[in-house]
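> Below: one structure in structure tokens.
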Amino acid sequence: MKKIYVGNLPWATGDEELAELFAAHGEVISARVITDRETGRSRGFGFVEMDDYAADDAIAELNGRDFRSRPLRVSEAHGRGGGPGGGGGRGGYGRPRD
């Protein structure tokens, strides 16, 4: 199973619509649009989980494709340490102590 990072999503995209977009390429195990904790609004990216073969096909077919007038950025997700979908370098987390 692979986790796929999907960036540059239109703000109105929800989990269900994201799953439908990827379902044309294989079984979607999960699909989640990331939202702001305080406002509940989309942050413009999400994650989809699919089996390896379907994930590779979806990445190849959907990366750069226009979705509601926005070119999607689709790649294999990486851990929180960096890369697409990563969360490194934010706030005071992970900074060395003085």
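The values are calculated or read from the model by the stated rules, or taken from the named source; none is laboratory data. Please read these numbers as outputs of a predicted model, since none were measured by experiment. Don't worry about glycine lacking a Cβ; one is built from the backbone with ideal geometry, like all the others, and counts go over all protein chains shown.
> Kindly list the number of the only condition in (1) more than 15 Å from the chain's Cα centre (by Cα); (2) at pLDDT 95 or above; (3) not aromatic (Phe, Trp, Tyr) that fails for VAL6.
Condition not satisfied by VAL6: (1).
> Tell me which residues, restricted to region 18-65, are surrounded by 17 or more Cβ atoms within 10 Å (Cβ to Cβ) and charged (D, E, K, R).
The one that is surrounded by 17 or more Cβ atoms within 10 Å (Cβ to Cβ) and charged (D, E, K, R): GLU49.
> Do you know which residues across region 70-83 are modelled with pLDDT of 95 or more and more than 17 Å from SER30 (Cα to Cα)?
Residues of region 70-83 that are modelled with pLDDT of 95 or more, as a first pass: 70-77.
ARG70, PRO71, LEU72, ARG73 - these are the residues of region 70-83 that are modelled with pLDDT of 95 or more and more than 17 Å from SER30 (Cα to Cα).
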